[in-house]
Every structure is written in structure tokens, then in C-alpha cells.
Amino acid sequence: MGYRPASDGSFAVSASPPPTPPASGRGVRRAIAEAASRFAFSETWRLDAELLMAHALGITREALLLCHLDDPVPAAFAALVERRAAQEPIAYITGTRAFWTIDIAVGPGALIPRADSETLIEAAVEHFRDRAPARILDLGTGPGTLLLAALDQWPEASGLGVDASDIALALARDNATRLDMASRATFVAGDWAAGLTGRFDLILANPPYIGTEESLLDEVRAYEPAAALFAGPDGLDDYRIIAPQLPALLAPGGAAILEIGSTQTNAVTALLVAEGLAVTPRNDLGGRPRALVAT
């Protein structure tokens, strides 16, 4: 899985500081406000504090906000706040991230799913609106995010996830088991599609696409694996490997859907067109170019 630099907008820091904690009040409500005031580096400072409190209480955020704001503060909350104050990602602290229709278990050594990557699943749903893909390939599967989301979308499909990281593959297998998809999802170590045979109706890929000199928020650069973030000076090294591999693997009528950085539409499109593929761009919910559909 790949992530956007700060200039892309996906990791922009909020210009508005967190509110000053209230002068009165006790328990969970005040503790959340105090924690949020320490997370000025985060665009989602209040949400971060609420998610940590819900995690400490062992409940959902919705239950927290509806029923537990006046509860005593759990002892575990303080340590969670210190970890977030050091800019450790929320998903690594709580161990999970919601994506599409599933919850993905995540941890250090594997990239954290981002909502922008749901653009790839949305594009796949549009492409396969009249039929379901039977075989799905996820290149750079990480903790299994895209493959398992696609398998949840199409319960009769089966899929293969490939990644170079043993840590990520272990998470992916655990996620497949937890989501009751182990019989339909296979995960293997590999160098993108090298050595793969057969045809796939849907190929998904979210490769590293950040240039080595581009800026990132500290919480991304310091905690998430560099090998899954950076792809050479222009961020295109892995696309140059993947593009020539796609035609031999793509089934008739199928689609290969690749995530891209917001400034990479023309460059990655050129690589795919050179392999004889027709390309359609897709924007994310923020209106930024986020995926290319190659057929």
C-alpha cells in the first residue's frame, strides 16, 4: 500500500488548533478534551482522542459518545495518549482500521489503509456492475486491505495477494481468517507479479509512489515502512515494473486498477498505454486523481 505526501492534501495538518480543555467537568469528557489539546499535529485531533478513549474502554466510539462521556477515565488511557502525542498512528495504537465494509487489523511493518484507497474498490464495482469478477489479484497487498474488501464485495470470488513483506503477509493471513475468508484468499511472497501465471478478472495495486525527496508528515515517515512508501526520485519505479506485467495476467473483459499520487496521472497513464492498455482516470472523494482503470 502507498501514501500521499503532505502536498497532496491527504496528510495536511489542520490550521485550526484544538480547543482549550474546559475548566470544569470530570471523567471521560474532560480527559478527551485534554488529550485532544495535545494532538495539534493531527488534522483529526478530536476524533483521535475519542478513538483512543473508546479503545481504552473496550467499546465503540458511537457507544462512547452516546452513553459514556461521564464515566471514570480508564487507567489505560494515559499511556495511549502518550503514544499518540509522540505521533504514533492511531491505527497502530488501536490495532485496527475500518476500510470499505470491513475492519482490517494493522500493526507496525504494514501500511495503514486510507479512505482514499476505497476509490479503487468503487472503480471496480462500477466496472463489474453487470457481473462479478471470479479471480482477483492484489499486488502489494499489505495487510490484505484491497483483496479482502473486494472478496467481501463479491462473496463468490477468490483471490491472490502478493507482497514482499513477511510482516504484512502475516497480518493479511490473520485478517483473512478473522473475516472468514481464508478459504478464498491466498497470500504469497513475491516481487510484484514476477512468476505469476494465469488470468485474473480484477487486478488491484496500490504500490509505493512517493518520491524519495518528497515530504511526509512525521507520523508517516517515522512509523510506516519506507519500502512501501518510496519509489525512486520520481515515485514511478514500481509502476515501471508493474505495467509490463499486466497484459499477460488480465483476463478478457477484466480491469487492472492502480492507485496513483495526485500528480502522476499522465506519467502512469503513459506507462500503461505503452503496454497496449486503455486507461480511464478516477478521482477520490476530494476530487483528486487517485486511480487508473486499465483495460
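The values are calculated or read from the model by the stated rules, or taken from the named source; none is laboratory data. Just so it is clear, the structure is predicted and the values come from calculations on it, not from any experiment. Ideal geometry is used to build each Cβ from the backbone, glycine not excepted, and the neighbour counts take in all protein chains shown. The accessibility values were calculated without ligands, DNA or RNA, using every heavy atom of the protein model including side chains. Shrake-Rupley method; radii C 1.70, N 1.55, O 1.52, S 1.80 Å.
Odds and ends about this structure:
- Single condition residue 85 does not satisfy, out of (1) closer than 26 Å to residue 177 by Cβ; (2) over 20 Å from the mean Cα position of the chain (by Cα): (1)
- Output for the range 28-49, where each listed residue is without any contact (Cβ under 8 Å) to a residue 24 or more places away in the chain, in a helix (DSSP H, G or I) and closer than 18 Å to residue 87 by Cβ: 34, 36, 47
- Whenever a residue of the range 270-286 is outside any strand (DSSP E or B), its partners that are open to solvent by less than 50 Å² (accessible area, probe 1.4 Å) and of a type in the set (Asp, Glu), lying with C-beta atoms within less than 6 angstrom and at least six residues away or across chains, give the pairs 284/116.
- Summed over the range 182-197, the residues that are among the β-branched types (Val, Ile, Thr) and either in contact with a Lys or Arg (Cβ under 7 Å, 6 or more places away or on another chain) or outside any loop (DSSP other than H, G, I, E, B) (or both) give a count of 2.
- Residue match in the range 224-243 (condition: closer than 24 Å to residue 133 by Cβ and open to solvent by 30 Å² or more (accessible area, probe 1.4 Å)): yes
- Condition check for residue 171: closer than 30 Å to residue 39 by Cβ, among the aliphatic types (A, V, I, L, M), open to solvent by 10 Å² or more (accessible area, probe 1.4 Å) and in a loop (DSSP other than H, G, I, E, B): no
- The set of residues in the range 211-223 that are open to solvent by less than 60 Å² (accessible area, probe 1.4 Å) and either assigned to a helix (DSSP H, G or I) or within 27 Å of residue 125 (Cβ to Cβ) (or both) comprises 219, 220.
- Residues within the range 66-83 that are surrounded by 15 or more Cβ atoms within 10 Å (Cβ to Cβ), over 20 Å from residue 219 (Cβ atoms) and among the hydrophobic types (A, V, I, L, M, F, W, C), tallied: 2
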